Amino acid sequence: MLDSPMLTMLKIKDLELKNNIISAPLAGISDRIYRSFAKKYGAGLVCSEMISATALKYNPNPRYIVSVSAHEHPISMQLFGSNPEDFEQAVKYMEKLGADIIDLNAGCPVPKVMKQQAGAHLLKTPRLLATIIATMRKATTLPLTVKIRSGWDNSSINIAQIAKIVENEGADAITVHPRTRSQGYAGTANWELIKLVKETVTIPVIGNGDITSPENALNMINETGCDGIMIGRAAIGNPWIFHDIISYLTTKLIDREKPLAQRIEVALDHAQKLIEFKGESTALKEMRKFLIRYFRGISNASYYRTKLSYVSDLKELINILDEIKNQQLE
Ligand SMILES: Cc1cc2nc3c(=O)[nH]c(=O)nc-3n(C[C@H](O)[C@H](O)[C@H](O)COP(=O)(O)O)c2cc1C
């Protein structure tokens, strides 16, 4: 199936991914159920939510966040933190859990992580970043990757310097989300900076940011020359995007509208699997954000959006899904 120059196998150190389309780390979202859907629809690599290297010291068994199932390999497990010593142990722990790749988060902009001088804060402290990567490198022979943003703010874009550090300290690939920390998710990702990183390092570069369709997935590859692409928000409640991108890159065909029956079936399957994993009450609360996305754009969407935002048990969900099915068929 890899008969397109754009859809390629991706080799990170000695790990060969079946393709270069990657499901992003998403805190509060990319648990093992989410990842299983990304995998089912073709993602070549799935990524865990970020995990605190420091918290692992005190609670080496955080219940859901590090749960990995046998069928989801290869999986990248992501750590964040700012104390180099914590990473040695954390990396060993990730190895034991079965990580195939260990990733360092040097891009998260949220205040809770900034307070710990971790995530995107590391872009401000390149020496500390280098020490953490070197510590991780020493602690494992697994493929090691780093996910970065373009800089702290608009006046301090240091992405080329950071990318060079990542490579020099022994990382095997780099993921670039070219927004600054201060941008959060506002504005657009500056894909020119992915191109700049590609021209700066020789390790594989994974481009990320604002891929919302098969067409702009191809645009990112064409415009930046990146070796792989990573999809985050656009895959939430839309796991088909991986299949659609693969299909477009190989055949230029897109099967754009997902039949309602298929959306209902996958959403229900997702909910049932999440219930098995986390129990009905937690699962349904967590499902709400997915359900809203699964049914985005259906007729009477705002009415169903409200209903799905309050769903609290499986029976109620099944009733709403029946109502959606019947109403859309009228
Ligand atoms: C809800 C949410 C949670 C995220 N959690 C993480 C995370 O745990 N680790 C990380 O490196 N990036 C995280 N990100 C950033 C995404 O991985 C990705 O870089 C960003 O959303 C841009 O890609 P996109 O435009 O395809 O969504 C998160 C983003 C969102 C929206």
Using beta carbons and a limit of 7 Å, which pairs, at least six apart or on different chains, have the first residue in region 220-236 and without any contact (Cβ under 8 Å) to a residue 24 or more places away in the chain and the second one surrounded by 23 or more Cβ atoms within 10 Å (Cβ to Cβ) and not hydroxyl-bearing (Ser, Thr, Tyr)?
Ala234/Ile211; Ala234/Ile241
Whether any residue in region 195-204 is in the same structural domain as Ile101 (by TED's automatic domain parsing), near the ligand (Cβ under 10 Å from one of its atoms) and over 13 Å from the mean Cα position of the chain (by Cα) is what I want to check.
no
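Against the definition (touching a residue at least 12 places away in the same chain (Cβ under 8 Å) and not β-branched (Val, Ile, Thr)), how does Ala173 come out, yes or no?
Numbers: touching a residue at least 12 places away in the same chain (Cβ under 8 Å): yes; not β-branched (Val, Ile, Thr): yes.
So Ala173 fits the description; yes.
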Limited to region 281-300, what total is found for residues that are surrounded by 14 or more Cβ atoms within 10 Å (Cβ to Cβ) and of a type outside the set (D, E, K, R)?
9
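Look through Phe80, Phe87 and report the one residue that is touching a Cys at 6+ places or on another chain (Cβ under 9 Å) and in the same structural domain as Lys147 (by TED's automatic domain parsing). Don't jump to the end; show me each part of the working.
On the way: Phe87 fails: touching a Cys at 6+ places or on another chain (Cβ under 9 Å).
One residue alone meets the criteria, Phe80.
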So how many residues does region 211-257 have that are of a type in the set (D, E, K, R) and either surrounded by 14 or more Cβ atoms within 10 Å (Cβ to Cβ) or within 21 Å of Ile194 (Cα to Cα) (or both)?
5
Hits in region 72-91 - residues which are under 18 Å from the mean Cα position of the chain (by Cα) and modelled with pLDDT under 95
Glu72
Index of the failed condition, Phe37 passing every other in (1) within 12 Å of the ligand (Cβ to nearest atom); (2) under 13 Å from the mean Cα position of the chain (by Cα)
(1)
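Among the residues that make up region 59-67, is at least one of them within 13 Å of the chain's Cα centre (by Cα) and without any contact (Cβ under 8 Å) to a residue 40 or more places away in the chain?
no
Inspect region 118-131 for any residue being away from the ligand (no atom under 16 Å from the Cβ), over 19 Å from Ile22 (Cα atoms) and touching a Phe, Trp or Tyr at 6+ places or on another chain (Cβ under 6 Å) and give the result as yes or no. Step through it out loud before you land on a result.
Taking region 118-131 first, the residues away from the ligand (no atom under 16 Å from the Cβ) are 124-128, 130-131.
Subset that is over 19 Å from Ile22 (Cα atoms): 124-128, 130-131.
So of that shortlist, the ones also touching a Phe, Trp or Tyr at 6+ places or on another chain (Cβ under 6 Å) come out as 124.
The answer is yes; a qualifying residue exists.
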Failed condition for Met94, given (1) within 16 Å of the ligand (Cβ to nearest atom); (2) farther than 20 Å from Cys226 by Cα; (3) surrounded by 21 or more Cβ atoms within 10 Å (Cβ to Cβ); (4) at pLDDT 95 or above
(4)
Does at least one position in region 46-57 carry a residue that is at pLDDT 95 or above, touching a Cys at 6+ places or on another chain (Cβ under 8 Å), part of a strand (DSSP E or B) and buried (at least 21 other Cβ atoms within 10 Å of the Cβ)?
yes
Matching residues in region 115-168 (under 21 Å from the mean Cα position of the chain (by Cα) and of a type in the set (S, T, N, Q)) number 2
Could you list all residues from region 301-311 that are surrounded by fewer than 13 Cβ atoms within 10 Å (Cβ to Cβ) and either closer than 14 Å to Gln262 by Cα or in contact (Cβ under 8 Å) with a residue 12 or more places away in the chain (or both)?
Ser309, Tyr310
Selection from region 271-300 of residues touching a residue at least 60 places away in the same chain (Cβ under 8 Å) and basic (Lys, Arg) yields Lys273, Lys278, Lys289
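The values are calculated or read from the model by the stated rules, or taken from the named source; none is laboratory data. Being a predicted model, the structure only gives us computed values, none of them experimental. Here Cβ is always computed from backbone atoms with ideal geometry, including for glycine, and neighbour counts include all displayed protein chains.
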